[in-house]
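Novice: Sharing a structure below in structure tokens format, with a few things to ask.
Computed from the coordinates by the stated procedures, all read-outs in this text should not be read as laboratory data. Remember, it's a predicted structure, so these values are computed and weren't measured experimentally. Backbone-built Cβ (ideal geometry, glycine too); neighbour counts: all protein chains shown.
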Amino acid sequence: MTESLPRGLLIDPMTIAPPLPVAFRLLHSTLSLPPIDLAACVARRAQHHSIIIALYHQKQATTWRLIEMASGRALSLHLAAVAVACLAAVAPVAADWISGSATFYGGSDASGTMGGACGYGNLYATGYGTNTAALSSSLFNNGAACGECYQVTCDQSSSPSCKPGVTVTITATNLCPPDYSKPSNDGGWCNPPRRHMDMAQPAWEKIGVYRAGIIPMKYQRVPCARSGGVRFTINGNDYFDLVLITNVGGAGSVSSVQIKGSRTGWVAMSRNWGANWQSNSYLRGQSVSFTVTLTNGQRRVFQDAAPANWGFGQTFTTGAQFY
């Protein structure tokens, strides 16, 4: 039986015998990884091994800890490959700053940003707040970008209307539709192929001077940090389940979803619109589970996310999150 890992005792990987395979050591020395629990990943992928690997961050230095459990078996190349696979699933891709432009909308309190093409509704209540943006269609990708997080800064080399040295992290919650009646460089800011963000005004004013109206900006994709667990809101009717998935950390954006009742098998869902996913399963009177895969390949099973007495219109907050 796998024991839980005690916290706090840190061991440098280079001091552990037997030495870690080269690929594993290379990952340790070169990747800047988010704080995650590798134990669960390795346990899932290699349950027949009695070794668990955990990853910690301390003062921005990554330290490994290997704990050899009951069987006393040495770390095999196979298990190392398993660990590498787990790491690859969460390793962020190095991002370059990308040039684009940014305007603002929604008023000084961002009240005009509520709702939106991702379906998140009241952004205050769902935890997204005022650091949000509507993306041009080139970035929105038919809703596949919903929930993604971007670090944005004003391009000081191209405009005197920047607030120097300031960045803001925003979440994609809406679509900025094209306006083909206007030129792309004069009002049609969201026309493809422009990379444009129509940011909530409070977020925009952190990086730009109000009177400018539009600024050149640079952005990069960053992991999303969320408070609490992933949420599932179930709407629809008996033979049409429409599930809104919110408060997703890590990559933020969802690439695929499966749904399962306590008396059914797993059924693939399809994106209906924004962050809403649909299926035609009859799940009344059954506890409901979900398997969610993010756009970076991370996958998590939310077992019994909704109890058997769930009802349409209810939101269920899980105890699990992506990082």
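Novice: Subtracting the Cα-Cα distance from 0.36 nm times the residue separation, let me have the gained length for residue 262 to residue 210 in nm, one decimal. Please report the intermediate quantities before stating the final value.
Specialist: On the way: separation 52, 0.36 × 52 = 18.72 nm, distance 5.35 nm.
Taking 0.36 nm per residue and subtracting the Cα distance, the gain is 13.4 nm.
Novice: Count the net charge of all other residues whose Cβ sits under 13 Å from the Cβ of residue 255, scoring Lys and Arg as +1 and Asp and Glu as -1. All intermediate terms of the calculation are to be shown ahead of the outcome.
Specialist: Working: positive: 271, 299, 300; negative: 148.
Its environment carries a net charge of +2.
Novice: Still on this structure: Short version: ³J(HN,Hα) in whole Hz for each residue of the range 187-192, in order, from phi by Karplus 6.51 cos²θ - 1.76 cosθ + 1.60 (θ = phi - 60°), x for Gly and Pro, what are they?
Specialist: Each residue's phi maps through the Karplus curve to give x, x, 4, 9, 5, x Hz.
Novice: Could you please state, rounded to a whole Å, how far the C-alpha centre of the range 199-226 is from the C-alpha centre of the range 150-182?
Specialist: Value for the Cα centre distance between the two parts: 4 Å.
Novice: Under 5 Å between amide hydrogens, which residues at least 5 positions from residue 272 or on another chain qualify, with H placed 1.01 Å from N in the peptide plane?
Specialist: 277, 278
Novice: Which whole-number percentage describes the relative contact order of the range 98-222, with Cα contacts under 8 Å and a sequence gap of 6 or more? Don't skip to the answer; put the middle values down first.
Specialist: Numbers: 292 pairs, mean separation 53.0, N = 125.
Computed over the range 98-222, the figure is 42 percent.
Novice: So what's the net charge close to residue 156: Lys and Arg +1, Asp and Glu -1, counting the other residues with Cβ under 11 Å from its Cβ?
Specialist: On the way: positive: 163, 218; negative: 155.
Net charge in that neighbourhood comes out at +1.
Novice: Show the residues, 5+ positions off or on another chain, whose built amide H is closer than 5 Å to the amide H of residue 194.
Specialist: So residue 194 has HN proximity to no qualifying residue.
Novice: Okay, moving on. If you add up the charges near residue 319, with Lys and Arg at +1 and Asp and Glu at -1, over every other residue whose beta carbon is less than 12 angstrom from its beta carbon, what do you get? Show your work: numbers first, answer last.
Specialist: Working: positive: 231, 300; negative: 304.
Around residue 319, the charge tally is +1.
Novice: How far is it, in nm, from the label point at residue 169 to the one at residue 220 when both lie 7 Å from their Cα along the line to the Cβ?
Specialist: Label-label distance for residue 169 and residue 220, simple model: 1.3 nm.
Novice: From a point 7 Å beyond the Cα of residue 255 in the direction of its Cβ, which residues of the range 295-323 have a backbone N at a distance under 14 Å?
Specialist: In the range 295-323, the label zone of residue 255 (backbone N under 14 Å from the point 7 Å along Cα→Cβ) covers 295-300.
Novice: Taking amide H positions as placed in the peptide plane 1.01 Å from N, state which residues far from residue 124 in sequence (5 or more) or on other chains have amide H under 5 Å from it.
Specialist: Amide H neighbours of residue 124: 129.
Novice: Let me ask something additional. Place a point 7 Å from Cα of residue 108 in the direction of its Cβ. Which residues in the range 181-223 have their backbone N less than 19 Å from it?
Specialist: The answer is 199-214.
Novice: Another question about this same structure. List, in order, the whole-Hz ³J(HN,Hα) value for each residue of the range 211-228 obtained from phi through the Karplus relation with A = 6.51, B = -1.76, C = 1.60 and θ = phi - 60°; use x for Gly and Pro.
Specialist: Values per residue, Gly and Pro as x: 5, 5, x, 9, 9, x, 9, 10, 9, 8, 6, 9, x, 8, 9, 10, 9, x Hz.
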